[in-house]
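Single-structure report; data block below.
No lab work stands behind these numbers, since they all come straight from the coordinates. Note that the structure is predicted; figures quoted are calculated from it, not measured. Every residue, glycine as well, gets a Cβ built from its backbone with ideal geometry; the counts of neighbours run over all protein chains shown.
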Amino acid sequence: MTSRTMDGCIKCGACVRECPVLLQEGQDRFPGPRRLAVEGPRFNEELSALRSPLELCTTCARCTAACPSALPLPEALVQVRRLLYREKPRPERQENMLANIDGTLRTVLPSGPVTELPSTGDVLFFPGCIGHGRYPEGITSSLSLIRAVGGRPFAPQGWACCGSPLEKIGDEQRLARLEAHNKALFRGFDTVVTSCPGCTVQLRKRYGLDPQHIIEHIHGSGRLRRSSFDHGSPPIKVALHSPCHLARVVGPHTLEMARDLLDMVPGVDVVSTGLEDDCCGGGGGVASARPDVAERMAARKVQAAVEAGAELLLAPCPFCVINLGRTGLLNVQDLTVFLASRLLKAEGIYSPIP
Ligand code: SF4
Ligand code: SF4
């Protein structure tokens, strides 16, 4: 299936020139999308030899965006991963994730207190494992923003991982189990709001739902404006990171929405880093399988934000926030956390979490 889909390759090399992992790690460590997704499988190369390089693909979709034939290269790479999934040993972090899923239906166990999620309301909110277990302030701020635009958010009790990490590593069995579990909980709902772009994409692709990322939800409501935000907050220079799965897969309109929302906040100066669209390295399972590679990619971006004079780096994605924050070079926050912190509380637009 992969090779037939890839027959449209005209060998122009655009995907190779654009791949951020290849550019950073070099062709010896990561031969790039054409070699791995087009040529490797076609010539029946020894699959095992592809395993280590395949772990490095962040599924950022930059190659597809550059490809004149618009070939689905990340999907083809994931297909090859699926062929290799049964091989052991797997990376320890991956084994831990699988054990967590088998025990709790979620990829991570909470590392501290979690945000309490209402069980009734009129806006179905899907928190996602990483946000819920590792970045509760992102969940709190998403709930606040949904309330600020007039909704009553709730999460179904016993929700499970959306399955995105399992799809990226090729575990079809566990993936099917999680999907069946969630689909039963979502029955009767067409829309769902997420705070993680990976969940947004997964719910759209595999669940037949019409998910909205939180940025789409609050921007699309039309209820936030400059007067919604506190004019007394100190001025700040921020840089904006564009998450690959949000801007390239959900759609480039999301970045415009993020910029629009930031423009509404008084005192905010958005500085340009020149690397806004570059992958942070946090996706595609790379942060768990190859954290060294993910951290090198993140450091390059954060350093650019520091050099541009940013005091804060914002990203509308908990995965990106955590990966960029690991560098310790600059304060990194989810865009929702920043927006919620600047809402004009005195006018009752902001509803504190009960
Ligand atoms: S999805 Fe991104 S990391 Fe993977 S091959 Fe394409 S450009 Fe490279
Ligand atoms: S950009 Fe597309 S057509 Fe060009 S080499 Fe890569 S896969 Fe082939």
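Computed over the range 123-222, relative contact order equals 33 percent, with contacts defined as Cα pairs under 8 Å that lie 6+ residues apart.
Relative protection proxy for 76-82, 247-253, from highest mean packing down: 76-82, 247-253 (other beta-carbon atoms within 10 angstrom). This model, with +1 at the C-beta of Lys and Arg and -1 at the C-beta of Asp and Glu, gives the range 2-84 a dipole about its Cα centre of some 120 debye. Distant-in-sequence amide contacts of residue 317, defined by a placed amide H-H separation under 5 Å and a gap of 5 or more residues or a different chain, comprise 335. Measuring nothing but how far apart in sequence close Cα pairs (under 8 Å, 6+ apart) lie, relative to its length, the range 1-141 scores a relative contact order of 19 percent.
Projecting the Cα atoms of 181, 339, 32 onto the charge dipole of the chain (Cβ charges, centred on the Cα centre) puts 181 farthest toward the positive pole.
Shape call for the range 59-162 from the C-alpha gyration tensor, a ≥ b ≥ c root eigenvalues: rounded (a/c under 1.5), prolate (a/b greater than b/c) or oblate? It is oblate, given that a/c is not under 1.5 and a/b is not larger than b/c.
Around the Cα centre of the chain, unit charges on the Cβ atoms of Lys, Arg, Asp and Glu (plus for the first two, minus for the last two) sum to a dipole of about 520 debye.
The Cα-based radius of gyration of the range 2-84, divided by its Kirkwood radius, gives an Rg/Rh of 0.91. Charged side chains reduced to their Cβ positions (Lys and Arg at +1, Asp and Glu at -1) give the range 226-345 a dipole of some 200 debye around its Cα centre.
DSSP beta bridges in the chain, what fraction antiparallel, as a percent rounded to 5? Roughly 5 percent of the beta bridges in the chain run antiparallel, per DSSP.
Which of these, 335, 84, 314, has the largest mean-square fluctuation under a Gaussian network model of the chain (Cα springs below 10 Å)? Among 335, 84, 314, the largest mean-square fluctuation in the Gaussian network model of the chain belongs to 84. Rounded to the nearest 0.05, the FRET efficiency derived from the C-beta distance between residue 47 and residue 183 at R0 = 45 Å is 0.90.
Considering only 31, 113, 211, the mean-square fluctuation computed in a Gaussian network model of the chain, springs between alpha carbons under 10 angstrom, is largest for 113. Candidates 165, 193, 115 compared by Cα position along the dipole of the chain: farthest toward the positive end lies 165, with charges placed on Cβ.
Averaging Cα coordinates gives a centre for the range 60-88 and one for the range 165-225; these two points are 21 Å apart. With neighbours defined as other Cβ atoms within 10 Å of a residue's Cβ, the residues 135, 207 order from fewest to most as 207, 135. Can you give the extra length, in nm with one decimal, that the chain gains between residue 11 and residue 79 once fully stretched, where that is 0.36 nm per residue apart less the Cα-Cα distance? My answer for the length gained is 22.4 nm.
Taking amide H as placed 1.01 Å from N in the peptide plane, residue 270 has its amide H under 5 Å from the amide H of 238, each at least 5 places away in sequence or on another chain.
Take 33-39, 16-22, 128-134 and order them by the average number of nearby Cβ atoms within 10 Å per residue, most first; the result is 128-134, 33-39, 16-22. For residue 168, the aspartates and glutamates whose Cα comes closer than 13 Å to its Cα, not counting residues fewer than 8 places off in the same chain, are 55, 75.
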